[in-house]
Each structure stands twice: as C-alpha cells, then as structure tokens.
Amino acid sequence: MVINQDDQALAGKLVDIYLTFFKHILAQQRQLDAKVLAAILTGINRAFPFVKGEIPSLEDHLHTLFKVVHVGPVATGIQSLMLLYQIMESKQAVSGRYYQALYTKLQDPALRNLSGQGLGTRLPYDGVTGSWPEWEAHFENVAAVNKWESEEEKLMWLRVRLTRKAQTAFMRYCVLRLFWHLRC
C-alpha cells in the first residue's frame, strides 16, 4: 500500500492498528518474535511520516522501543532507532537518550554482519525539520563507522539520504556543476 500526504487519516489509523498489534504481542509473549516485530516496526515507520498530529499511544511505547534497540536483533534495533528518530524529530526534540542508543548500536559487532546499508544511512534529511549541523555530524560519524574513505563514496550515500527540499537543492547544485563540467 502506498500512502501519500492526502492519506493522513489513513496513516494515523494504520499506526494505531500497528500499535495495537505491538501491545498485544507484548502482553502475550515475554520474548518478541523478531519477524513479527520487524513487520510491525516497518509498518509504523512507513506510515508515521504521513500522520498529522499526535498519537498518544505512541508515547507509551518509547521505553519499549529503546529496550528493543538494546536487546533485540540488530535489524530490529535499527528499525526501532528509525522510528524513535521520526517520533522525536516530529517534536523537534531528538534526545540525548536517542544518540546514546544510536552510538551504542553503532559499536555492536553484529552490525558488520548485517547485509545492506549501514546503520544511520537510512536517516533522511529533508531540509525542513531538524538541524543541518546535527545531521551532518551524525552523517560523518556513520561514514567513519562504515569506513567510507573517499569523498565520492560519502557523496553517493548523501545523495540517497536527502529528501524533499534538501534533495531539490542538491540536484540544482549538481546541475550547475555539470554545466561547468565538474563532477557531482
């Protein structure tokens, strides 16, 4: 299912449904099924950007999401971090607790065995919310952990993570550089 800005009510309802599943699983099991939890977190991560307004039941689960970061499988911990970032960024208040959990997860040896892109490369920057210096510092830390040595490699990942206004500005910059025969 593809959700867009016009589906804000649907996105809110989907997040509520996913949170209901999340509560039910927590109540039924002491250990979470990683696949089910991953599916729930994926659903919430996809729907959350389109939700307008507060979702009170989401606040009740912040502690549990932090716990999943530390005790859950690596991939599920990354999904939890992505959701926590979206929640905090929507309030324009990314906490020290989040960064502590992020940098602890970055040091997890199991992260190197994870297929796909490294942790943190999935955190977008849209040019509207959040602080560019904070995000840039985070990006540099992720680049160091992932051992992105060259500026070209960093630029490739940067291109992938910019969205909305930031992506538009970057593309305009690249067009100008191409005009002057400079590589972007």
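Quick look at the numbers
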{"item": "Spin-label pair Gln100/Ala39, simplified geometry with 7 Å Cα→Cβ offset, distance in nm", "result": "3.4"}
{"item": "13 Å beta-carbon shell around Glu136, net charge (K/R +1, D/E -1)", "result": "0"}
{"item": "Relative packing of 69-82, 96-109, 6-19, which averages over residues the other C-beta atoms within 10 Å, highest first", "result": "69-82, 6-19, 96-109"}
{"item": "Those lysines that a straight Cα-Cα span of less than 28 Å connects to Lys13, excepting residues fewer than 8 apart in one chain", "result": "Lys23, Lys35, Lys52, Lys67, Lys91, Lys165"}
{"item": "Segment 3-103: Cα Rg divided by the 2.2 N^0.38 Å rule of thumb", "result": "1.02"}
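Read the figures in this text as sums done on the coordinates, not as results from a lab. The structure presented is a predicted model; accordingly, all values stated were derived computationally and were not measured. In this analysis, Cβ positions are derived from the backbone assuming ideal geometry, glycine residues included, and neighbour counts consider all displayed protein chains.
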